[in-house]
1. Name the single residue that is nearest to the other protein chains (Cβ to nearest Cβ) among those in the range B:124-162 being closer than 20 Å to B:Val187 by Cβ and without any contact (Cβ under 8 Å) to a residue 60 or more places away in the chain.
2. Pairs needed: first member in the range A:167-187, of a type in the set (Asp, Glu); second member anywhere, in a loop (DSSP other than H, G, I, E, B) and within 16 Å of ligand 1 (Cβ to nearest atom); C-beta distance under 7 Å; at least 6 residues apart or different chains.
3. Considering each residue of the range A:53-107, count those that are open to solvent by less than 30 Å² (accessible area, probe 1.4 Å) and more than 13 Å from every other protein chain (Cβ to nearest Cβ), and give that number.
4. Say whether the condition of being away from chain A (no Cβ under 11 Å), under 16 Å from the mean Cα position of the chain (by Cα) and surrounded by fewer than 16 Cβ atoms within 10 Å (Cβ to Cβ) is met by at least one residue in the range B:238-248.
5. Of the residues that make up the range A:137-154, is at least one within 22 Å of B:Ile144 (Cα to Cα) and either of a type in the set (D, E, K, R) or without any contact (Cβ under 8 Å) to a residue 24 or more places away in the chain (or both)?
6. It is to be established whether one or more residues within the range A:150-169 are modelled with pLDDT under 85 and within 16 Å of ligand 2 (Cβ to nearest atom).
7. From the list A:Glu76, A:Glu39, A:Glu47, pick out the single residue that is assigned by TED's automatic domain parsing to the domain that holds A:Ala265, touching a strand residue (DSSP E or B) at 6+ places or on another chain (Cβ under 7 Å) and acidic (Asp, Glu).
8. Within the range A:108-119, track down each residue that is more than 8 Å from every other protein chain (Cβ to nearest Cβ) and of a type outside the set (A, V, I, L, M, F, W, C).
Amino acid sequence: MAMSQTNLASVQSAPSVAAAEPDVAVSARQISKTYGEVEALRSLSLEFPRGQLTSLLGPSGCGKTTLLKIVAGLLEPDSGEILVNGKAVTGPGPDRAFVFQDFALLPWASVIRNVAFGLELRGVAKSEREDVARKYIGNVGLAGFENAYPHELSGGMRQRVGLARALSVDADVLLMDEPFSAVDEQTRRKFQEDLLSLVQNENKTFIFVTHSIEEAVYVSDQIAILLPRPSRVLEVIRPSGFRDSGAVNIRRDPEYLDIVDKIWASLRSYVE
Amino acid sequence: MRMFGYRLPGMSSLIVWGLLWELVGRLGVTFFLPPLSEVFVTLFEVIGTPAFLKALGETAYAFILGVFFAIVIGVPTGILMGKNRLVDELLLPWVNIFLSAPLTALVPVLMVLFGFGMQSIIITTTLFAIWIIILNARAGVMQINRSLVEMARCFGASPFEAFTKIYFWAALPEILGGVRIGVIRAVKGVIIGQLLISIVGFGALFELYSANFLMAHFWAVLIVLFALAFTISELLAYLERRVSYYAAKR
Ligand SMILES: Nc1ncnc2c1ncn2[C@@H]1O[C@H](COP(=O)(O)OP(=O)(O)OP(=O)(O)O)[C@@H](O)[C@H]1O
Ligand SMILES: [Mg+2]
């Protein structure tokens, strides 16, 4: 946004992953963000391939949420720009949907209204948007809870309402901020499997924030490891071999275990 | 409360006080306090008379308009103050001053400004009710969950939609609490306004009764007013309970 033309050109001419990966849905270019004294992101660049899931992995407070909100257009970077489908982001848009870490459900609205809320804001007629909402409520396994209120649901169920809301607006890019943080281990594994099939079935680009190395390796096509503040990308890892071995077998795959170890090795030096 | 093993309905104590009133009235201690039975007989006599209906109509008119303006101006102002730091800095001191100010003293000034009629009474009513409504709406908005606002922006809400679909509902429990207290204050406002101006509504009626020492009439009208104020307050408390299911979970 604040970037000059020349600056942009130099970024594009620099050798980057973009050359190897032709279809990039979202790219972050030289993003910097400072909150008062705290420098959260320093000239961070990263590309997110279309139709794939990219994890952002890094220590707490390193700026993952900040990056996600900048991509969403909720925060403005101090410098640098975000391109979504080649167009610079100037604010929130219908091409991106956010799954909030704390669910952000309307407590006064039923599940179906919450799920349909994105469509409601887009002016979709009530019967039409409720049909769409019902479909996604079923997809996330909440059929029968259409008329329940958020306070009547468990944490994991609320999480799924937030997910269904993001899915129902049919955005190209799904931004998920630690979407499985509030659920128990069993549910979490179930969600991870669901997420894998979601990535396969919906042709959407997922940007996924997590604290868990295992989770990142399990669900991701690409893992970006972020350094502590000021945050840059330390390394981008692309697990390839075990993607097709089926959801149940991934955790036993040698490559899976190798990558988990490797990531832990590169992160442990930053954990006191 | 329980007595002799029976559950007493709420406010049974009123019966005791009523009996006491009747007793004191019958003893004829003071002309100021006629027996309660006499007051009730008068109440039913008075209640259908044109003078009473006119007073009731005028009071209701001033009250409803006064409360209407207090809500329609107060709620958006409060929400705006909660959302916008600058507006808040500008208005908060005034709201706090007027909230605790002895507004009765302002009524004569209003009479000079707006004349000795309905207009002054309506404005008095609004002035009594509006400040607490503003403060509560503001408090409701200030405790709103930030991520609800971000969620709405993210899914494309215009500022106006954020106002009507997020801020208003998120603050509704507090807003209704404010309106309930505001309405109780408005009852005070409308009566004080009428008493001071005393040519309209119950003000005129009170003036008439007390000038002629018609104490039974005086009490009858007062009981009607108390009952009305109480009913309105209970009605709003009921509405408040209807939204309280999410008040603790925002
Ligand atoms: N609104 C804000 N005002 C000031 N500082 C902020 C603000 N939001 C975030 N920060 C700071 O920016 C840094 C990055 O925050 P961010 O929330 O992006 O981290 P994160 O990687 O999402 O952390 P976590 O994994 O714990 O959620 C933190 O050190 C935080 O203190
Ligand atoms: Mg975070």
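1. Ranking the qualifying residues of the range B:124-162, first place goes to B:Asn136.
2. The qualifying pairs are A:Asp177/A:Phe100; A:Asp177/A:Gln101; A:Glu178/A:Gln101; A:Glu178/A:His211.
3. 16
4. For the range B:238-248, residues away from chain A (no Cβ under 11 Å), under 16 Å from the mean Cα position of the chain (by Cα) and surrounded by fewer than 16 Cβ atoms within 10 Å (Cβ to Cβ): present.
5. Yes, the range A:137-154 contains at least one residue that is within 22 Å of B:Ile144 (Cα to Cα) and either of a type in the set (D, E, K, R) or without any contact (Cβ under 8 Å) to a residue 24 or more places away in the chain (or both).
6. no
7. Within the list A:Glu76, A:Glu39, A:Glu47, the selection yields A:Glu47.
8. Once the filter is applied, which keeps residues that are more than 8 Å from every other protein chain (Cβ to nearest Cβ) and of a type outside the set (A, V, I, L, M, F, W, C), the range A:108-119 yields A:Ser110, A:Arg113, A:Asn114.
The values are calculated or read from the model by the stated rules, or taken from the named source; none is laboratory data. Everything numeric here is computed off the predicted structure, so don't read it as measured data. With ideal geometry, Cβ positions are generated from the backbone for all residues, glycine too; neighbour counts draw on all protein chains shown. The accessibility values were calculated without ligands, DNA or RNA, using every heavy atom of the protein model including side chains. Shrake-Rupley method; radii C 1.70, N 1.55, O 1.52, S 1.80 Å.
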